[in-house]
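The values are calculated or read from the model by the stated rules, or taken from the named source; none is laboratory data. Not measured: the values here are computed from a predicted model. Every residue, glycine as well, gets a Cβ built from its backbone with ideal geometry; the counts of neighbours run over all protein chains shown. Side chains are part of the model used for accessible areas, which takes the heavy atoms of the whole protein and leaves out ligands, DNA and RNA. Shrake-Rupley method; radii C 1.70, N 1.55, O 1.52, S 1.80 Å.
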Amino acid sequence: REQEEKQVAIDKNAYKDVWVYIELTEGKPRNVGLELLGEGRKLADAMNQKLAAVILGDGVEPIAKEAFAAGADKVYLVEGPEYAHYSTDAYTIALVDLIGAYKPSVILLGATNDGRDLGPRIACRVGTGLTADCTGLGIDEATGLVAWTRPAFGGNIMATILCPDHRPQMGTVRPKVFKKPEPDYAKSGEIIRVASKVKPGDIRTKLVEVIKVCTASCNLEEAEIIVSGGRGLCKPENFTLIEDLANVLGGAVGASRAAVDAGWKPALHQVGQTGKTVGPKIYFACGISGAIQHLAGMSSSDIVIAINKDPDAPIFKMADYGIVGDVMEVLPILTEEFKKI
Ligand code: FAD
């Protein structure tokens with residue numbers, strides 16, 4: 001009801017432009033932000049509006065160049081030490097303030113840990129809705145609204161969602177659903193610097209220490225090669241076979257939900273509908289049956305190589321290459337062969 005009241009008499013025509021929130025990791029833009037700029041460009045052109053990147057951080061103005069190269073017409077830049085690390089409070093205050101002042105029509109965020117924290121919180125504060133975890137974006141011809149597509153009912157149907165009554169239209173989009181655009185560093189645009197509105201006492205959490213739990217082996221969203229294991233590995237110790245092959249190939253280690261639920265790998269390795277969406281050049285599915293919820297997270301991989309002892313396993317229907325065999329025998333052979341290259 002509070003949301004409805006906030007938006008009672010909004011003038012939808014006052015809301016213009018497509019915004020993309022650029023998430024940073026250690027001062028660098030994450031790929032998902034650049035992927036969304038590429039797709040945001042198409043939406044903005046179709047809606048005859050401008051494309052803007054929103055960048056929050058400390059000393060991050062050079063990132064604006066990356067945003068322009070990926071297609072942004074303008075960049076909203078909010079800088080200050082309070083934005084040096086992701087903070088729910090500081091980032092929410094900054095974005096809510098920006099939305100109130102500049103009224104975007106559409107906001108895209110990555111469906112990452114930060115985006116999933118920030119998106120719903122902002123949507124609630126500005127009194128609009130949010131379509132979470134989208135896997136497709138388009139324009140609804142009849143209304144001209146953004147058509148947000150996302151899996152529903154356990155991944156069994158794809159739902160297309162419109163936001164007719166509220167503004168901005170907001171959604172989080174899974175990483176690797178769209179390709180990163182080729183950067184064009186000849187492009188430039190307008191930088192709009194916005195002063196921070198965060199006051200002392202606004203930030204209720206204090207960052208004490210940053211502990212890295214994630215090495216290259218679990219950076220699945222950015223990995224070019226992923227070796228994933230499932231229940232077919234039979235026991236956790238056998239995951240060393242997956243790790244050995246991943247190490248030799250310089251790839252990341254993935255896991256099916258069955259392997260994660262069994263406690264064989266931490267959840268940050270899970271690929272699929274309730275895990276990460278990945279899009280590597282090569283994806284090895286080892287002892288993974290190919291359930292629809294697993295495919296939802298890896299079907300945009302360029303090449304899929306499946307190893308399964310069951311020739312009728314569904315994964316073979318979508319794999320580019322298949323090896324019918326026991327993972328315990330096949331994986332060591334592959335690792336040894338790749339070592340020779
Ligand atoms: P299984 O389906 O048990 O398959 C094991 C495979 O290993 C079999 O094909 C078998 O032939 C093969 N195998 C066995 N031994 C060997 C051997 N020695 N050598 C070679 N092959 C062997 N799943 C995910 O992965 N990610 C998700 O994000 C996810 N989200 C879900 C969300 C919802 C709402 C629901 C309902 C389910 C979700 N699931 C997800 C679970 C999904 O439905 C499957 O249960 C899961 O993917 C199965 O994992 P698996 O392929 O490892 O195991």
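Do the conditions hold for Leu334, that is, is it in contact (Cβ under 8 Å) with a residue 60 or more places away in the chain and open to solvent by less than 50 Å² (accessible area, probe 1.4 Å)?
Values: in contact (Cβ under 8 Å) with a residue 60 or more places away in the chain: yes; open to solvent by less than 50 Å² (accessible area, probe 1.4 Å): yes.
Yes.
List pairs: first residue in segment 81-105 and in contact (Cβ under 8 Å) with a residue 60 or more places away in the chain and under 20 Å from Ala44 (Cα atoms), second residue open to solvent by 40 Å² or more (accessible area, probe 1.4 Å) and not in a helix (DSSP H, G or I) anywhere in the structure, Cβ distance under 6 angstrom, at least six positions apart or on different chains.
Ser105/Lys16
Of the residues Arg174, Arg167, which is closer than 25 Å to Glu222 by Cα and in contact with a Ser or Thr (Cβ under 7 Å, 6 or more places away or on another chain)? Walk me through it before giving the result.
Details: Arg167 fails: closer than 25 Å to Glu222 by Cα.
That would be Arg174, the only listed residue that is closer than 25 Å to Glu222 by Cα and in contact with a Ser or Thr (Cβ under 7 Å, 6 or more places away or on another chain).
So is Leu118 assigned to a helix (DSSP H, G or I) and open to solvent by less than 30 Å² (accessible area, probe 1.4 Å) or not? Steps first, please.
Values: assigned to a helix (DSSP H, G or I): yes; open to solvent by less than 30 Å² (accessible area, probe 1.4 Å): yes.
So Leu118 fits the description; yes.
Just to be sure I understand, how many residues within segment 209-239 are charged (D, E, K, R) and touching a Lys or Arg at 6+ places or on another chain (Cβ under 7 Å)? Spell out how you get there, then give the answer.
In the first step, residues of segment 209-239 are kept if they are charged (D, E, K, R); the result is 209, 212, 221-222, 224, 231, 235, 237.
Those still in the list that are touching a Lys or Arg at 6+ places or on another chain (Cβ under 7 Å) too: 221, 224.
Looking only at that region, the number is 2.
Among the numbered conditions (1) within 16 Å of the ligand (Cβ to nearest atom); (2) at pLDDT below 90, tell me where Gly232 comes up short.
In the conditions (1) within 16 Å of the ligand (Cβ to nearest atom); (2) at pLDDT below 90, Gly232 misses (2) alone.
Being assigned to a helix (DSSP H, G or I), touching a helix residue (DSSP H, G or I) at 6+ places or on another chain (Cβ under 8 Å) and more than 8 Å from the ligand (Cβ to nearest atom) is the filter here, so list the residues in segment 307-341 that pass it.
Met318, Leu331, Pro332, Leu334, Thr335, Phe338, Lys339
Within segment 101-115, can you find the residues that are within 19 Å of the chain's Cα centre (by Cα) and either not small (Gly, Ala, Ser) or not in a helix (DSSP H, G or I) (or both)? Before you say what the answer is, go through the steps one by one.
Just the residues of segment 101-115 that are within 19 Å of the chain's Cα centre (by Cα), to begin with: 106-115.
The answer is Val106, Ile107, Leu108, Leu109, Gly110, Ala111, Thr112, Asn113, Asp114.
Please specify each residue of segment 178-196 satisfying the condition of being farther than 17 Å from Asp58 by Cβ and assigned to a strand (DSSP E or B). Full working, then the answer.
Filtering segment 178-196 down to residues farther than 17 Å from Asp58 by Cβ leaves 178-190, 192.
Glu190, Ile192 - these are the residues of segment 178-196 that are farther than 17 Å from Asp58 by Cβ and assigned to a strand (DSSP E or B).
Report yes if Thr88 is closer than 30 Å to Val271 by Cβ and modelled with pLDDT under 95, otherwise no.
Answer is no for this residue.
Could we say that Gly127 is in contact with a helix residue (DSSP H, G or I) (Cβ under 6 Å, 6 or more places away or on another chain) and within 16 Å of the ligand (Cβ to nearest atom) here? Reasoning before the result, please.
Working: in contact with a helix residue (DSSP H, G or I) (Cβ under 6 Å, 6 or more places away or on another chain): yes; within 16 Å of the ligand (Cβ to nearest atom): no.
The answer is no for Gly127.
Which of the residues that make up segment 83-100 are surrounded by fewer than 20 Cβ atoms within 10 Å (Cβ to Cβ) and part of a helix (DSSP H, G or I)? Step through it out loud before you land on a result.
Going residue by residue through segment 83-100, those that are surrounded by fewer than 20 Cβ atoms within 10 Å (Cβ to Cβ) are 84-86, 88-89, 92, 96-97, 100.
The answer is Thr88, Asp89, Thr92, Val96, Asp97, Gly100.
Could you tell me how many of the residues in segment 45-60 are closer than 16 Å to Trp148 by Cβ and either crowded, with 24+ Cβ neighbours inside 10 Å or small (Gly, Ala, Ser) (or both)?
From segment 45-60, those closer than 16 Å to Trp148 by Cβ are 46-47; that's our starting set.
If we keep only those that are either crowded, with 24+ Cβ neighbours inside 10 Å or small (Gly, Ala, Ser) (or both) too, we end up with 46.
So the count comes out to 1.
So in segment 126-174, with the set limited to residues that are aliphatic (A, V, I, L, M) and under 14 Å from the mean Cα position of the chain (by Cα), which one is least open to solvent (accessible area, probe 1.4 Å)?
Among residues in segment 126-174 that are aliphatic (A, V, I, L, M) and under 14 Å from the mean Cα position of the chain (by Cα), the one least open to solvent (accessible area, probe 1.4 Å) is Val173.
Only residues that are of a type in the set (A, V, I, L, M) and either more than 12 Å from the ligand (Cβ to nearest atom) or crowded, with 24+ Cβ neighbours inside 10 Å (or both): list them for segment 283-306, please.
We begin by selecting, within segment 283-306, every residue of a type in the set (A, V, I, L, M); these are 285, 288, 291-292, 295-296, 298, 303-306.
Those that are of a type in the set (A, V, I, L, M) and either more than 12 Å from the ligand (Cβ to nearest atom) or crowded, with 24+ Cβ neighbours inside 10 Å (or both): Ala285, Ile288, Met298, Ile303, Val304, Ile305, Ala306.
Could you please find all residues in segment 240-282 being among the charged types (D, E, K, R), touching a strand residue (DSSP E or B) at 6+ places or on another chain (Cβ under 8 Å) and within 14 Å of the ligand (Cβ to nearest atom)?
Kept after step one, since they are among the charged types (D, E, K, R), are these residues of segment 240-282: 243-244, 257, 261, 265, 276, 281.
Keeping just the survivors that are touching a strand residue (DSSP E or B) at 6+ places or on another chain (Cβ under 8 Å) gives 243, 257, 265, 276, 281.
Arg257, Lys265, Lys276 - these are the residues of segment 240-282 that are among the charged types (D, E, K, R), touching a strand residue (DSSP E or B) at 6+ places or on another chain (Cβ under 8 Å) and within 14 Å of the ligand (Cβ to nearest atom).
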